[in-house]
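Notes follow the structure.
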Amino acid sequence: MSIDKRTKVKELFISGVVGSEVIVKGWVRTKRVSKNVAFIALNDGSTINNIQIVVDFANISEENLAKVTTGASIKVVGKLMESQGQGQSVEIAVKELTVLGEAHPDEYPLQPKRHSLEFLREIAHLRFRTNTFSAISRVRHSMIFAVHSFFNEKGFLNIHTPLITSSDAEGAGEMFQVTTLDFDNTPRTEEGKVNYAEDFFGKKTNLTVSGQLEGELAATALAEIYTFGPTFRAENSNTSRHLAEFWMIEPEMAFYDLEDNMDLAEEFLKYLVKYALDNCKEDLEFLNNRAKEEDKNKPQNERAELTLLERMQMILDNDFVRLTYTEAIEILKRSKPNQKKQFKYLIEGWGADLQSEHERYLVEKHFKKPVILIDYPKEIKSFYMKVNEDGKTVRAMDILFPGIGEIIGGSQREERLDVLLGRMAEVGVPTDEMDWFLDTRRFGTVEHSGFGLGFERLMLFVTGMGNIRDVIPFPRTPKNAEF
Ligand code: 4AD
Ligand code: MG
């Protein structure tokens, strides 16, 4: 180990040689002063565990020690020792301590105590420095890495799809417009409409709501592809499960029918959950305990039946239940909360759109297993889904998870040009601007399928956090684009 290089705290815990001289750098979490020594808990982001720094008063000036406060950054040169304290394997006896950057206690907003998640959202620029958010950040990284590993192992190609587009992939009209037009002086056509011919791209454009349509172009040549990018939705839903900017993973596969699609999605989710359990053990244990503590403050009927780690194990141990929308409606109609009018949205009959309360009832109360719902009424699904022989339902699939509701949405795609054109006309998707998409059906069309996994919904599941604003570093929600 070169003497002027810092060692990561994580490495010291794994393979540090007791007796060797080490350099660590990081941020002070706490300082405790006793008679002749001070104990500093130092964190450098490499692990949830702080390393204990022991400073003999003989080796530090009073003035210098006073600057070692919560949030200050320091460099420590010292000797790695076996720890006396409980639960710590090693600690560092200081030879030389340098304060790199002070954090004045009267000004630094993070104190060594439990802050509410709401407060931490207001100081999201600093919340990486808490145990909770550093743990979430490491798990998030691991999940990003696992997504790419999974598809790479299967020979899928990662495709970058555009963020600026002129189409509405979901046909739901929830788009953020992208323009360089001057609002105070917009160019007008003769009919008095905004003249987008003069806009930057020469037409009306928006931020993408999904990379799927471009994904289909790639899949109908490269066979198996996936995208993993940010998507934007201007839906005004201020819930704990919706973001205006979220990340989505969208695999798209030629020659896959709905059955193959479900198999892939189930294998994918199990792979991700297992990857987290295998690779993020310490962080998950921390988050597991955190969720247990939170639960204690909740009323009995709102407490989770299973712990975070138990819920994750439950995913691995069970085949996902597969059933049709029609079967689900029957179960929901007869369910207690529906009979007793406890659902906010009562299920009257076939055709109703399912709300998160219904999805969660099926998963958490009825089956107690993850559920894949298929064959939804075409009226409540997007235009590109393959129409079943009954003419009423489409080959859609939604995967429902405990505590989350919908985590994946996908379908087999309508590959028949005439049927697709019919559907687009029915729901009013303009076909003239979608010629490029329709070419996949005109030339060498094939059966194909795909789905979208909401990355932050996955993050909710594997961290046990209750609000989607806490599993993305800088959440964008209605009336909030701070930082
Ligand atoms: O069900 P959605 O809208 O499906 C699509 O966008 C398809 N193009 C996917 C495909 O077949 N390639 O969205 C897919 C997933 C949802 O299941 C959910 O997990 C997540 O994206 N999602 C959101 N996550 C956070 N905030 C939002 N506002 C979300 N909207 C959807
Ligand atoms: Mg959906």
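The residue that is farthest from the chain's Cα centre (by Cα), counting only those in region 402-440 that are at pLDDT 95 or above and among the polar types (S, T, N, Q), is 440.
The conditions of being within 16 Å of ligand 2 (Cβ to nearest atom) and surrounded by fewer than 17 Cβ atoms within 10 Å (Cβ to Cβ) are met by residue 427. Within region 97-111, residues that are under 11 Å from residue 126 (Cβ atoms) have Cβ atoms under 9 Å from residues that are assigned to a strand (DSSP E or B) and not aromatic (Phe, Trp, Tyr) in these pairs: 103/28; 103/73, counting only partners at least 6 apart in sequence or on another chain. Residue 322 meets all of the listed conditions (1) in a strand (DSSP E or B); (2) buried (at least 20 other Cβ atoms within 10 Å of the Cβ) but one, namely (2). Among the candidates 407, 380, the residue that is in contact with an Asp or Glu (Cβ under 9 Å, 6 or more places away or on another chain) and under 30 Å from residue 148 (Cβ atoms) is uniquely 407.
From 308, 316, grab the single residue that is surrounded by 18 or more Cβ atoms within 10 Å (Cβ to Cβ) and touching a helix residue (DSSP H, G or I) at 6+ places or on another chain (Cβ under 8 Å). Answer to the selection: 308. Scanning region 336-344 finds no residues that are in contact with a strand residue (DSSP E or B) (Cβ under 7 Å, 6 or more places away or on another chain) and more than 17 Å from residue 213 (Cα to Cα). Of the residues in region 379-396, at least one is part of a helix (DSSP H, G or I) and either out of contact with any Pro (no Cβ under 8 Å at 6 or more places or on another chain) or among the small types (Gly, Ala, Ser) (or both). Selection of region 441-467 for residues being outside any helix (DSSP H, G or I), more than 16 Å from ligand 2 (Cβ to nearest atom) and either under 17 Å from residue 144 (Cβ atoms) or under 31 Å from the mean Cα position of the chain (by Cα) (or both) yields 447, 448, 464, 465, 466, 467. Filtered by the rule that a residue be in contact with a helix residue (DSSP H, G or I) (Cβ under 8 Å, 6 or more places away or on another chain), of a type in the set (A, V, I, L, M) and part of a helix (DSSP H, G or I), region 338-365 gives a lone residue, 362.
Screening the candidates 447, 348, 379 for the property of being out of contact with any strand residue (DSSP E or B) (no Cβ under 9 Å at 6 or more places or on another chain) and either within 16 Å of ligand 1 (Cβ to nearest atom) or not assigned by TED's automatic domain parsing to the domain that holds residue 319 (or both) yields one hit, 379. Filtering region 177-233 to residues that are assigned to a strand (DSSP E or B) and either within 24 Å of residue 386 (Cα to Cα) or of a type in the set (D, E, K, R) (or both) leaves 188, 224, 225, 226, 227, 228, 231.
The values are calculated or read from the model by the stated rules, or taken from the named source; none is laboratory data. Please read all numbers here as calculations on a predicted model, not as lab measurements. Virtual Cβ from ideal backbone geometry, glycine too; neighbours counted across all protein chains shown.
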